[in-house]
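Read-outs: derived from the displayed coordinates by stated rules, not from any lab. Fair warning: this is a prediction, and the values are worked out from it, not measured in the lab.
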Amino acid sequence: MKKNFLDILACPIDKHYPLELIELDIKEEVYSDNNNDKDQAKENDNVNTQLKEKHSDHPKNEKNGISSKDKNLKVNHIQEEQISVIIDGILYCEKCSRFYPIIDEIPIMLPDELREKNKDLKFLEKWQKDIPEKILKFAKPWHL
């Protein structure tokens, strides 16, 4: 789950917003503003390099500094941003004391009757050293 996704999540039971995030396992990912992949980024770097090399050999257009041969060559500038992605974590509603696990980047925000008790308890046991006591001992729908 991308950390900025937290801005739109509310408790499905009581609609409380915002939910508290407990990060258990995170990774940092780099995203570009135009959603290009690494190959596209390399291609853009190559185009920039080609332009620099060509500019030194050809007369420049006074208006924009680009030679007449390069008028149709498009250069994309990529802005990259580092984003935190939650691999495993917990969303906690302070109003109703419910927790919702984040497992493999997916927040499991089901109502109590649709949740799998065994999976939730295994999750709590796996991360018990890193989970606050208010969740381990008192959270709904179940706790250790």
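Which of the pairs K95/K137; K27/K140; K2/K140; K15/K134; K95/K140; K27/K137 have their Cα atoms more than 22 Å apart in this structure?
K27/K140; K2/K140; K27/K137
For the stretch 133-143, in order, what is each residue's ³J(HN,Hα) by Karplus, 6.51 cos²θ - 1.76 cosθ + 1.60 with θ = phi - 60°, in whole Hz (x at glycine and Pro)?
Working through the residues one at a time gives 4, 4, 8, 4, 9, 10, 5, 9, x, 8, 8 Hz.
Go through the stretch 112-128 residue by residue and turn each phi into a ³J(HN,Hα) via Karplus (6.51, -1.76, 1.60, θ = phi - 60°); whole Hz please, and just put x for glycine and proline.
3, 5, 9, 7, 9, 4, 4, 5, 5, 5, 5, 4, 4, 5, 4, 10, 4
For R98, list long-range residues whose amide hydrogen, built 1.01 Å from N in the peptide plane, is under 5 Å from its own amide hydrogen.
Counting only residues 5 or more places away or on other chains, the set is C93, K140.
Which ³J(HN,Hα) values, rounded to whole Hz and listed in residue order, are derived for the stretch 88-104 from phi using the Karplus coefficients 6.51, -1.76 and 1.60 in 6.51 cos²θ - 1.76 cosθ + 1.60 with θ = phi - 60°, glycine and proline given as x?
For the stretch 88-104, the Karplus-derived couplings read 10, x, 9, 9, 10, 9, 6, 6, 10, 6, 9, 10, 10, x, 10, 10, 6 Hz, x marking Gly and Pro.
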